Amino acid sequence: MKNLTLIRLIGLIRPIRLIGLIGLIGLIGQFQIVHAQSLPVALTPTRFEFAGYPGDMLSGTIEFWNGTEVFLPVRVAASDFEPQGEEGHIVTREYSPASPSEEIPWAAGSGGFNGRSLREWIDFEYPALSVAPQQKFQFKFSLQIPPNAEPGSYWGALMVENMPGGTEGSAIQVKIGAILLLRVYGEVKEQLVVDSFEVPAWVQAPPVEFAVRLRNTGTVHVKPKGTIEIRNMRGEPVAVAPLPEVNILPGYVRRVEVRLGGDGYWLGRYTAALSLTTDGSTGGMVGAETSFWVIPWRDVGLPVLIILGIFVFIVWKRRNFAAAFRVLARGEKMENTKLEVPDPKNEV
């Protein structure tokens with residue numbers, strides 16, 4: 001099943017319910033198949049991206065695979081999530097039926113959901129059932145956008161968990177999920193800011209490692225496209241590579257790393273230019289520039305460095321590059337210039 005991707009399984013022993021960590025790079029949707037104590041299950045797809053107007057009714061299907069040899073009782077529900085850090089990890093917030101109105105702890109904090117949760121907009125046709133062994137079941141769900149929903153981005157997660165019962169392996173509670181992003185049409189703002197564009201100041205040889213931090217200051221999630229181009233001291237391009245495409249939620253920062261190399265022998269000062277676009281009607285081009293030096297000191301060896309050090313010392317000592325060059329190239333001696341001071345007695 002090459003096309004079957006998963007969220008990282010989270011085995012939680014009851015009664016732990018509240019906080020779950022969904023696996024690596026949640027907003028990109030690159031998940032791995034994981035088995036929790038011989039309990040293989042899977043969800044596909046692992047990411048949904050919807051768009052609609054206020055008042056629209058949207059629908060979708062998420063497929064659950066029971067890879068065990070027994071009937072597996074499962075239930076599905078909508079959940080909230082919050083980005084954690086800048087690498088694409090997310091944290092989910094679970095709710096028990098006894099306290100559906102429980103306050104989201106980070107709703108009033110900095111960042112937070114700020115009214116961007118869509119958990120209560122989602123309904124499932126079959127919220128709980130038993131899936132036959134080695135079989136798949138498609139959970140159908142609907143998403144009702146309220147008529148008064150403000151334009152912009154909303155997000156949540158679709159979580160599936162097995163329920164304790166009489167089946168083998170039911171002592172382990174496994175939760176897997178899929179990311180759901182919604183864009184409500186209307187007057188929105190797409191705005192992306194490059195917080196930093198970092199590269200080591202000195203590099204021995206390519207490839208060169210870049211770190212880019214992108215901040216979404218708009219009202220809708222974006223997936224910027226762009227490139228990093230490296231030019232030498234003559235302004236000639238020597239390497240170019242695309243930037244990995246990642247979703248960035250409003251108010252959050254994503255860090256993207258790129259390794260970029262090229263052919264030929266690199267030596268001297270190089271300039272790297274970052275160019276990005278959000279491909280949106282209200283977005284635009286953003287960019288940044290940085291520079292670095294490539295000094296292959298391990299290749300040139302110690303003798304060359306010693307000669308270079310002597311030359312720099314002579315230039316610094318003489319404080320005159322032209323005179324130092326004559327000394328090194330022609331063997332000429334530097335003449336001392338005598339400054340004559342007029343005799344006050346001879347003045348009229």
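Taken together, the values in this text are just the output of simple stated rules run on the coordinates, not laboratory data. Note that the structure is predicted; figures quoted are calculated from it, not measured. Please note: Cβ atoms are built from the backbone with ideal geometry, for glycine as well, and neighbour counts cover all protein chains shown.
Antiparallel beta bridges, as assigned by DSSP with both residues in the range 192-294, represent about 95 percent of the total such bridges. With neighbours defined as other Cβ atoms within 10 Å of a residue's Cβ, the residues 277, 92, 217 order from fewest to most as 217, 277, 92. Each of 155, 297, 266 was scored by other Cβ atoms within 10 Å of its Cβ. Arranged with the fewest first, they read 297, 266, 155.
Here 245, 82 are placed in order of increasing Cβ neighbour count within 10 Å, fewest first, which gives 245, 82.
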